[in-house]
Every structure is written in structure tokens, then in C-alpha cells.
There are 2 protein chains.
Amino acid sequence: MRKKIVFLSTLLIAVLISSPYVSAQNQNEPLIIQQQGSFMVGGTVIENPGEFTFSDYRKPDGQKAYVDHAYTFYQIPPDARKLPLVFLHGGGQSGKTWETTPDGREGFQNIFLRRRFGVYIVDQPRRGRAGATSLPHTVEPPFNNIMVFSLFRFGNYPDLFPGVQFPKDSESMNQILRQATPDTGPYDDDVTSEAMAALFNKIGEGILVTHSRGGYPGWHTALKSSNVKAIISFEPGGTQFVYPEGELPEPITSAYGIHRGVGVPLEEFMKFTRIPIIIYYGDFIAEKPTSHIGQDQWRVELQMARMFVDVVNRYGGDAQVVHLPEIGIKGNTHFPMSDLNNVEIADLVSAWLKEKGLD
Amino acid sequence: MRKKIVFLSTLLIAVLISSPYVSAQNQNEPLIIQQQGSFMVGGTVIENPGEFTFSDYRKPDGQKAYVDHAYTFYQIPPDARKLPLVFLHGGGQSGKTWETTPDGREGFQNIFLRRRFGVYIVDQPRRGRAGATSLPHTVEPPFNNIMVFSLFRFGNYPDLFPGVQFPKDSESMNQILRQATPDTGPYDDDVTSEAMAALFNKIGEGILVTHSRGGYPGWHTALKSSNVKAIISFEPGGTQFVYPEGELPEPITSAYGIHRGVGVPLEEFMKFTRIPIIIYYGDFIAEKPTSHIGQDQWRVELQMARMFVDVVNRYGGDAQVVHLPEIGIKGNTHFPMSDLNNVEIADLVSAWLKEKGLD
């Protein structure tokens, strides 16, 4: 009888330990997904005049085009936390940004699934799997590896910065350069934020996570949908930030370009004061002007972000900029979500979500 | 004591029953994923002459472009079957083809994961998330909804065929039209099959599953990589099939275009005789010439496929065409993998894999 109890207890413990429900944090444990799938959302339908005939079926005459939508792939764990994370990539990127890192480790998609968040990985309109465009556009081969190396703050081409959180092997560089994918139509922040708002209106309340050039349409998404309950933004940029009309900072020139504020009515801007906002920037950002386009661009983006946060807080909001080296986290590039220390970065995010009661 | 045993036994049974390992076939049960991630594979690097300067960083001078690779997202279940399924989409499509169906049911991605296959979902070079191209290309708005309605054999626009396995609601039509995404570079079967062969060389042996225009580069993938251990092809087309040099059929004209054979050396063609091949076509395919471009295109594609299979078998191979209505499965469109009866279609595939010892 005692043997039976011991056997059953041991078996039960073995089953519980081996159960993926128990310890999903470890990369070697299976992921448990209650629901996964994908859909297109938002967009418009445009029509070409004329009459369709089978004999001229390739002509646009009389046919419609379904365009300017976003694509999203979602995964929801069992017993998911209340608010899912909705990930919007940056310029020249797709949802790939949030998947496997260039050196093959888990990205934020898997990391936050393991932490019981639903995750939505978006390709913005006119990008990636959401390529159908309402306006024609010419794609050119991306001769830009040195520009990207600089803008991503990997180093002084071809040398990596000492202590940079990017892997040294050539295959990782190959992977991150290939994960870029072109615009298939003219870049349009309004088209992107419309589709993002349609996504939030469909799925309900959630937390928007943006990166780089995705930061700017991200701010507008929050203005367009009250279902955006918080914004986490990694290195927002692209030379534009939102401010209240009449309170725009003077344009600032960096080695990358001219950085400007874009005005919205104060009533609209006040929406930013009703949700918690956190913005992260990594390392190797210049303190004074330099010709290194990446170090200089992010010098000014960081400055613009701080002014944005100041205005939000002056109107009663809860926004902050975390410049990672200032809290002792060194070596981060423009891609903290896939840098070598991305679990540490995810831990920061988790702690902030907990602090704000968002988990 | 007896109570303790009863309690522990009950708890153990409860844990086992609730364990997702036990019954993953049901759409309401969680999916268990041992590994999931994504990577870029294959492609080339091209370089622009000249010298890079920070002040002209947007110019291609002296910079490299990483291009013409494929993207793949993979999911491997615990205790996976030996050979994974590698899914290559068709013309104007991306990996989305194999994900959620237009009406929100599970696609082949989830269905075959639940059947313990590893699944690799590809975006071919110059498409979707693998958009970086070595040659420039202009993208136009896709004014083609009537053409597509016909080519996909949904019906006589705007009426669905009676009994068609495509849902009647307008949102499903909206979804399938939006899942199209354009070429970002000139269409090139050789570029696609090179990247697909690189994928098979990286992941090892697997089963290639192709759709439509993906069929043709799929045949060439099997010629380029001996890791392709079987081919399952849904409605291969695109007006080209492979035959041995000197044994090409006469070109055939359909309402869609001119369909031709493309010759490869017999020694190469013999590779098709060493792997099992199955080809599926759906319903509403014309038996004699008609002006309906979809019904007429697939009439000739089916004819070309039958000739291909005949040649493969004449040289000792194991290839077959399954015309679904002939085995009593009615109403399928050009997308059997997402039609209303896609589980029945998946069952056919599973039965064939079992028969061939591939599961």
C-alpha cells in the first residue's frame, strides 16, 4: 500500500515537472499555445473604372484592389494575462524583428509567450506579407549595409563597438541584414496607424510595443484607438515626434537628417496622459554632434523623446525615457529586443508592466 | 490510506487528461511546440562600386545588398515525426496561404502540427518578409479581384459556384483577396528554387508541399536538393511543367495563356522517379475549352500534370494525380488547404503519407 502511494506520488510529481504548464520560462521547455493564427486587418478597397472582360483579364479595367491592410500573426497562451502585447516593427523591417534573434536565440515573441502574454506580431501595410498597395512604388536593391551598420549602432564599419551586445559571428550579421524587407508602396504613417487602430478595435484592449520608425505611427495609433492601454517603445525615431500644436520644438539637424515635431490638437495630445508610456534607448548614442550617422541620429531622437515625455508629464501623464546605460545596462544597439542581453531587457519590461498593474 | 491512493490516482488522471500532450487533434486543445522560430536562408550578396561616405549615406556607392533569400517560420512539436513538412506558397501569395483560413478556421500549419509534423512556412525570395531583391521592380495596385475570383475557381463573378467549398460571407472574400502580396522583384523560378534548396540543405530531409505557381520551382527544388524526400503539390500550375529534354509535349493554349513543357536532362528528370509524388486538383475544372479563365487554365494544368506523372511513372517512378471530384470530394477551389473541407483534404494527405511510410 505504501509502495503504491510512493509510486503514484512519484509519477504525479514527474508528470507535473514535465508539464509545460509548470515551467515555460526555460527555452528548452515546450511552448503551450491555446490559440494561434493570422489575419489581415484594416485597409481599403479601390476600383479601376472600365469594364472587365475575360479576354483582357490582366487589365485593371473594372476590377477592384484590396489594399493597405496590415497582417498579424497571433499566439495566445492558456490562462493568458488580461492585456496582450501588439508588436509593431520599425522602418525597413517586418514582424521578423520580434521573432528569433539573428544568432538563433528566442526573441520577444517567444519570451513574452512564456510569460503568459498573448502576442500579436504585425507586418504594417505595404510591408512584408501585407504588401498590397493602393499606390505604385518602385523597389530598389538595398545597397545599404554600411548605412545600416551605422544606424543600428553596431560599430564603426566594419568594426563592432567594443562591448556591443551584438554577436561577433558573420552569420548573425548576414541574418540581420537579410531581415530587412522593402516598402511595397509609398511610406505613409497615416495608412499604418489606421490599420493598427483597426487591429486594436478588432482585438480589444492591449499594449502596443513599437520599434524605431514604428514609434511615430504608434503614437498615432494610440490617438486613434482607446484600446491602446499602454505604449512600450524601443528607440522610437524616424525624425518625427508628436507634440501639442503651438508647443513644437525647433527642428534639430543631425548627421542623419532634420528632426521635427508634428503638432496635434492639445485635446488629442491629452490622450497620452491617460496611459502609461515607457521609452527605451540603448548605448553608443553620441552626447555631442558627430559625423557617425547612427550615433548622431539617436542623439537627437533621444533628445526629442525626452521633450515628448516632458510635455506628457507636464500635462499630468505618466511617461518616461530609460536610457539603458544610465541604469547600468551597457552595449545595447538599436535592437534591444534581439541583442545578446534581450532577456534582461524583457525583465525590465516585465517589471514595468507589473509596476503599472498591466500584467 | 485508501483515500490517499484514490485522491492521488484521481489527481494523476486529471493531470493526464488535461495534459495537452494527450489530445492535440481538437482545435480547442492547446498546441504544444517544442521549438519555434524563424530565419532567412539562401540568397546572394551584391555590391555597388564606389566609395561610401557618411555625408552621402543614402547613396549605394560602396555598399552591399543582401538579397534573394527566403524567409521561413518553423514550429516543431515534441516527439515530432521524422520528416517535417516544408510549405511553399503560390503566385502572389506568401506563407499566409497555410495559416488561418479566410473564415478563421485552422489551416495546414496548425492541422499538421497537431498531427506531430514539424512545419516550415516559407515566404519565397522577393515576396512577403523576404522582399529584398537584387533587381529593381515596380509594384502596382492589384486591380484583379475578378481575375482572381475566376482563377481561384470561386464561381462566375460575383456568384459563387453552387456547392463550392468557399464560405459565403463577405469577410472571407475580403480576407482571401487581402492575403495576396506582390512580387518585390522580377519573378524568377531559379532564385526561388535555389533558396528552397538552401533551406533543405540547412534543415535536412523533409517533405515539400507546394501550391499553384509554387509547384514549378518546387520540382526544381527536388532536382537541386536530395533532402526533398517527397512532394505533395496542390494544383501546381503557372503554365510550366518539367519533362525530359526531347520529350516535351506540344504547347497548349488555354483562355489563361500558353502552357509549355520545360526540358531537363533525363539524368536530372530521373530524380523524380526516386521520391513519391502526389498532385491534387479540385473541382470546377472544365473538360473542354471555355472562356472562363480559371476553369480553362486548370483544365490544361491538369492535363500537363497528368502527362508529367505519366512520364515519371514510365521511367519507374511513383507519382499520381488525384482529381478530387473523381474520388467523390466535390466543390474544392484552387485552395484545397483552406477550403471548408480542409480537414478532409488533410486526412487524404495523412493517409498518403502513411501509405508511403513517410510519417
Please report the relative contact order for chain B, taking Cα pairs under 8 Å with a sequence separation of at least 6, and give it as a percent rounded to a whole number. 15
The simple spin-label model distance between residue A:168 and residue B:315, using points 7 Å out along Cα→Cβ, in nm, is 5.0
List every residue whose amide H lies under 5 Å from the amide H of residue A:38, counting only residues 5 or more places away in sequence or on a different chain, with H placed 1.01 Å from N in the peptide plane. A:74, B:100
If the only charges are +1 at each Lys and Arg Cβ and -1 at each Asp and Glu Cβ, what is the size of the charge dipole of segment A:90-144 around the Cα centre, to the nearest 20 debye? 280
Taking r as the C-beta separation of residue B:59 and residue A:354 and R0 as 45 Å, the FRET efficiency to the nearest 0.05 is 0.45
Counting only helical runs of four or more DSSP H residues, what would the 222 nm mean residue ellipticity of the protein assembly as shown come to if each run contributes -39,500 (n - 2.57) and the total is spread over all its residues? -9000 deg cm²/dmol
Rh by Kirkwood over Cα pairs, then Stokes-Einstein D for segment B:32-164 at 1.002 mPa s and 20 °C, µm²/s: 119
Where the only charges are on Cβ atoms (+1 Lys, Arg; -1 Asp, Glu), what is the dipole of segment A:230-359 about its Cα centre, to the nearest 20 debye? 60
Net +/- balance of residues flanking residue B:313 in space, Cβ distance below 14 Å, scoring K and R +1, D and E -1: 0
Diffing segment B:98-106: the Karplus 3J(HN,Hα) column from phi (6.51, -1.76, 1.60, θ = phi - 60°), in whole Hz with x for Gly and Pro, holds 9, 8, 3, 6, x, 9, x, 7, 6
Among B:128, B:246, B:118, which one moves the most in a GNM of chain B with springs linking Cα atoms closer than 10 Å? B:246
Report the Cα centroid-to-centroid distance between segment B:265-315 and segment B:183-259 in angstrom, as an integer. 12
By the Cα gyration tensor axes a ≥ b ≥ c (a/c under 1.5 gives rounded; else a/b larger than b/c gives prolate, otherwise oblate), the shape of segment A:274-359 is oblate
FRET efficiency for residue A:247 and residue B:34, Cβ-Cβ distance as r, R0 = 60 Å, nearest 0.05? 0.70
Would you calculate the separation in nanometres between label points at residue A:273 and residue B:27, each defined as 7 Å from the Cα along the Cα-to-beta-carbon direction? 4.7
Let me test this: with uniform point scatterers at the alpha carbons of chain A, what is the Debye-based log₁₀ I(q)/I(0) at q = 0.07, 0.08, 0.09, 0.12 1/Å? -0.34, -0.43, -0.54, -0.91
Could you give the size of the charge dipole of chain B about its Cα centre, using +1 on the Cβ of each K and R and -1 on the Cβ of each D and E, expressed in debye and rounded to the nearest 20? 1460
When the charge dipole of the protein assembly as shown is computed with +1 at the Cβ of Lys and Arg and -1 at the Cβ of Asp and Glu, the Cα pointing farthest to the positive end, of B:228, A:290, B:217, is that of B:228
I need the inter-copy label distances for residue A:201: point set 7 Å along Cα to C-beta, values in nm with one decimal, smallest first. 4.9
Sort B:266, A:177 by heavy-atom solvent-accessible area, probe 1.4 angstrom, most to least. B:266, A:177
Value of relative contact order over segment A:250-297, rounded to a whole percent, pairs C-alpha under 8 Å and six or more apart: 46
GNM top mover of B:225, B:170, B:291 - chain B, alpha-carbon springs below 10 Å: B:170
Step through the residues of segment A:232-239 one at a time and calculate ³J(HN,Hα) from phi using the Karplus curve (6.51 cos²θ - 1.76 cosθ + 1.60, θ = phi - 60°), rounding each to whole Hz and writing x for Gly and Pro. 10, 10, 8, 6, x, x, x, 6
Under a plain spin-label model, where a point goes 7 Å from the Cα along Cα-to-Cβ, how far apart in nm are residue B:48 and residue B:347? 5.6
Ordered by residue, what ³J(HN,Hα) values in Hz, to whole numbers, does segment B:31-45 give under the Karplus form 6.51 cos²θ - 1.76 cosθ + 1.60, where θ = phi - 60° and Gly and Pro are x? 8, 10, 10, 6, 9, 9, x, 8, 7, 9, 8, x, x, 9, 10
Please name which of B:276, B:315, B:31 has its Cα lying farthest along the dipole of chain B towards the positive end, using unit charges on Cβ (Lys, Arg +1; Asp, Glu -1) and the Cα centre as origin. B:31
Students often get this wrong, so check it: of A:96/A:229; B:64/B:224; B:229/B:354; A:224/A:271, which have C-alpha atoms separated by over 18 Å? A:96/A:229; B:64/B:224
With N residues in segment B:124-248, what two-decimal value do you get for its Cα radius of gyration over 2.2 N^0.38 Å? 1.23
Can you list the copy-to-copy distances for residue A:226, using a point 7 angstrom from Cα toward Cβ, in nanometres, shortest first? 6.6
Below 8 Å between Cα atoms, with a sequence gap of 6+, how large is the relative contact order for segment B:280-359 in percent? 31
Place the label 7 angstrom along Cα→C-beta at residue A:163 and in each other copy, then list the distances from the first to the rest in nm, shortest first. 7.3
Give the residue from A:177, B:203, B:353 lying farthest towards the positive end of the charge dipole for the protein assembly as shown; charges sit on Cβ (+1 for Lys and Arg, -1 for Asp and Glu) and the dipole is referred to the Cα centre. B:353
Using only the alpha-carbon atoms of the protein assembly as shown, report the extent along each of the three principal axes, biggest first, to the nearest angstrom. 81, 76, 48
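The values are calculated or read from the model by the stated rules, or taken from the named source; none is laboratory data. What you see is a predicted model, and the numbers here were worked out from it, not measured in a lab. As a convention, Cβ positions derive from the backbone with ideal geometry for all residues, glycine included, and neighbour counts pool all protein chains shown. Areas reflect the complete protein model, heavy atoms only, side chains present, ligands, DNA and RNA absent. Shrake-Rupley method; radii C 1.70, N 1.55, O 1.52, S 1.80 Å.
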